[in-house]
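See structure below.
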Amino acid sequence: MSQDHPRAGARSARERLFLLAIPFLFTGTTRPAGAAGLGTELVASGLDFPVYAASPPGDPRLFIVEQRGVIKVLEHGQVLQTPFLDIDPLVFPVSEFDERGLLGLAFHPKYDINGFFYVKYNDNDWRTVIARYQVSAGNPNLADSASAFVILTIDQPAPNHKGGTLNFGPRDGYLYIGMGDGGNEGDPSNYAQRDDSLLGKMLRIDVDGDAPYAIPLSNPHAEPGLPLDEIWARGFRNPYRWSFDRKTGDLYIGDVGQALWEEVDFQPAASAGGENYGWRLMEAIATIRPTSATPVISSCRSTNIATSSIARWWAAMSIGAKRFRR
């Protein structure tokens with residue numbers, strides 16, 4: 001079974017959160033002349049499997065996601081002792097190298113008004129759960145755990161390839177959810193290409209519409225029948241970390257490879273959705289399972305902006321994509 005995890009030698013980093021400065025986008029192996037190197041700055045320690053960090057718009061605090069089901073607040077350089085949110089009992093009990101757990105956090109664009117934020121986790125039955133919570137009325141550093149409202153649940157067939165990030169589009173205000181193919185080597189059930197599955201897809205929903213959510217009319221499949229209305233794009237293996245360029249609205253998607261290639265996909269802000277990024281028929285530019293659909297999918301590779309060949313699947317991996325601006 002394929003497992004997307006770092007090598008065992010990287011274990012000591014699990015308790016620390018670093019700020020990584022990347023002043024240029026890698027498109028090859030040579031650093032541009034005059035470009036600064038990579039650097040890290042320790043911003044928090046004493047954490048338990050930190051996997052993500054986010055902040056509400058304009059908020060100087062940093063909210064740190066621990067995979068076990070806890071969100072902590074970093075304020076004025078200190079991690080507050082009381083968690084912002086603790087849903088440990090709801091989250092699958094993770095261990096070293098587990099790909100399940102609390103994986104994503106997104107603050108509503110109007111968080112300063114409504115106090116809504118959204119989490120993505122795997123419950124004790126492995127299902128992916130998207131749930132909304134609200135900050136407590138009397139303490140901005142404490143969420144109201146009783147405010148939980150489940151938006152969406154998705155069954156999972158295996159323990160790996162769960163995706164991770166969920167984000168609000170900076171231009172349309174819709175919630176985007178990155179879903180892995182559900183796990184097992186080679187996506188044996190072809191979830192990433194199927195019209196009747198939300199696995200292996202980028203989803204796009206309107207959480208400000210009808211409860212629990214509405215389908216944006218501009219979604220590429222917002223009509224009766226298959227494909228499922230929530231699907232914005234397909235053909236992903238495990239889009240663990242991805243992000244929007246806040247200035248342009250462009251989307252950069254890090255998709256973890258299996259054995260041949262690592263992949264960063266680019267979707268311009270002007271996209272109408274409906275792209276197919278290839279998996280399981282293709283892994284980046286490599287054809288895995290030739291079919292009549294392969295030439296069509298191959299034409300989508302023009303949206304693939306950065307790939308790197310690896311000798312072994314665990315030797316290097318693309319786990320995220322974020323645009324950095326000076």
* To do: Quick one: in the stretch 212-227, of everything that is of a type in the set (A, V, I, L, M) and under 17 Å from residue 166 (Cβ atoms), which residue is surrounded by the most Cβ atoms within 10 Å (Cβ to Cβ)?
  => 215
* Can you find even one residue in the stretch 58-66 that is β-branched (Val, Ile, Thr) and in a strand (DSSP E or B)? -> yes
* To do: Kindly check whether there is at least one residue in the stretch 87-97 that is in contact (Cβ under 8 Å) with a residue 12 or more places away in the chain and more than 21 Å from residue 47 (Cα to Cα).
  => no
* Looking at (1) assigned to a strand (DSSP E or B); (2) on the phi > 0 side of the Ramachandran plot, which is the only condition residue 173 fails? -> (1)
* To do: Identify, from the list 149, 168, the residue that is exposed (fewer than 15 other Cβ atoms within 10 Å of the Cβ) and closer than 15 Å to residue 106 by Cβ.
  => 149
* Asked: What number of residues within the stretch 175-197 are of a type in the set (Phe, Trp, Tyr) and surrounded by fewer than 24 Cβ atoms within 10 Å (Cβ to Cβ)?
  -> 1
* Asked: Quick check: anything in the stretch 272-283 of a type in the set (D, E, K, R), under 14 Å from the mean Cα position of the chain (by Cα), modelled with pLDDT under 95 and surrounded by 21 or more Cβ atoms within 10 Å (Cβ to Cβ)?
  -> no
* Looking at the stretch 117-135, which of its residues are over 19 Å from the mean Cα position of the chain (by Cα) and over 17 Å from residue 156 (Cα atoms)? -> 134, 135
* To do: Take the residues in the stretch 102-115 that are surrounded by fewer than 22 Cβ atoms within 10 Å (Cβ to Cβ) and touching a residue at least 40 places away in the same chain (Cβ under 8 Å), then tell me which one is nearest to residue 213 (Cα to Cα).
  => 108
* **Subset of the stretch 39-57 [in contact with a Leu (Cβ under 7 Å, 6 or more places away or on another chain), assigned to a strand (DSSP E or B) and polar (S, T, N, Q)]** => 40
* Structure fact -> Note on the stretch 96-142: residues of a type in the set (Gly, Ala, Ser), farther than 19 Å from residue 166 by Cα and in contact with a strand residue (DSSP E or B) (Cβ under 8 Å, 6 or more places away or on another chain) are 136, 137
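The values are calculated or read from the model by the stated rules, or taken from the named source; none is laboratory data. Computed from a predicted model, the values in this text were never measured in an experiment. Don't worry about glycine lacking a Cβ; one is built from the backbone with ideal geometry, like all the others, and counts go over all protein chains shown.
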